[in-house]
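Novice: Sharing a structure with you now.
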Amino acid sequence: MNILAYTDGSARGNPGPGGYGIVMMIEGSSYQKSFFEGYRNTTNNRMELMAVIVCLETLKKENQSITIFSDSKYVLDAIEKKWVFAWEKKDFKDKKNPDLWKRFLLIYPKHKVKFEWVKGHAGNKYNEMADRLAVKGSYLPNPKIDQYFESSQQKA
């Protein structure tokens, strides 16, 4: 069984109110699940990465085969070009979003993950759905607080 997932992130203002959206399905099946969340103040890159993390954390069993489609070069390049592993060795010194990258590295090895880049806003049905969910999340009336981001903004 291969799981397919489309993930997207959004931030209005960047930084500003943001959200992520995820559309998951089982290849060859009619099963489809979608979900989203919103944050009071965050960035687009944080929400792109958060979508991937939450997608993987949602998997109930370990060692699942999943293909994640994302339009985020930031996320895909960091993983596919193995930059994140070099950043980890240097404890993410001078890198943005270390809290999320560390969270990603806890869940990533538990599954068989393949990443595929998909061009954003190019008519891909599921990418467009994930985008709409991410934007919807950014408008939620009681958004979550991105504690790490907001506290780092206060220090800056």
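The values are calculated or read from the model by the stated rules, or taken from the named source; none is laboratory data. Here the structure is a predicted model, which means the values were calculated and not measured. Note: accessible area is taken over every heavy atom of the protein model, side chains too, but ligands, DNA and RNA are not part of it. Shrake-Rupley method; radii C 1.70, N 1.55, O 1.52, S 1.80 Å.
Novice: May I ask you to work out the translational diffusion coefficient for region 1-84 at 10 °C, viscosity 1.306 mPa s, via Stokes-Einstein with Rh from the Kirkwood sum over Cα pairs, reported in whole µm²/s? Each step should come with its number before you reach the end.
Specialist: Numbers: Rh = 13.3 Å.
Rounded to a whole number, D works out at 120 µm²/s.
Novice: Same structure again: Find how much the distance from Lys33 to Lys155 grows on full extension, using 0.36 nm per residue of separation minus their present alpha carbon separation; answer in nm with one decimal. Before the final figure, lay out the partial values.
Specialist: Numbers: separation 122, 0.36 × 122 = 43.92 nm, distance 3.83 nm.
Computed gain between Lys33 and Lys155 is 40.1 nm.
Novice: For the chain, what is the accessible area per residue in Å² when the probe is 1.4 Å? Show your work: numbers first, answer last.
Specialist: Numbers: 8480 Å² over 156 residues.
On a per-residue basis, 54 Å².
Novice: From the Cα gyration tensor of the chain, with a ≥ b ≥ c the square roots of its eigenvalues, which class applies: rounded if a/c is under 1.5, or else prolate if a/b is larger than b/c, or else oblate?
Specialist: On the way: a/c = 1.75, a/b = 1.17, b/c = 1.50.
Oblate.
Novice: Carbon and sulfur together cover what percent of the accessible area of the chain at a 1.4 Å probe radius?
Specialist: On the way: 4240 of 8480 Å².
Here carbon and sulfur together make up 50 percent of the probe-accessible area.
Novice: Now, a different point. Just to confirm my numbers, what's the Cα centroid distance between region 93-136 and region 57-86 in Å?
Specialist: Comparing the Cα centres of region 93-136 and region 57-86, I get a distance of 7 Å.
Novice: Which ³J(HN,Hα) values, rounded to whole Hz and listed in residue order, are derived for region 80-92 from phi using the Karplus coefficients 6.51, -1.76 and 1.60 in 6.51 cos²θ - 1.76 cosθ + 1.60 with θ = phi - 60°, glycine and proline given as x?
Specialist: 5, 8, 6, 4, 4, 6, 5, 4, 4, 4, 9, 6, 6
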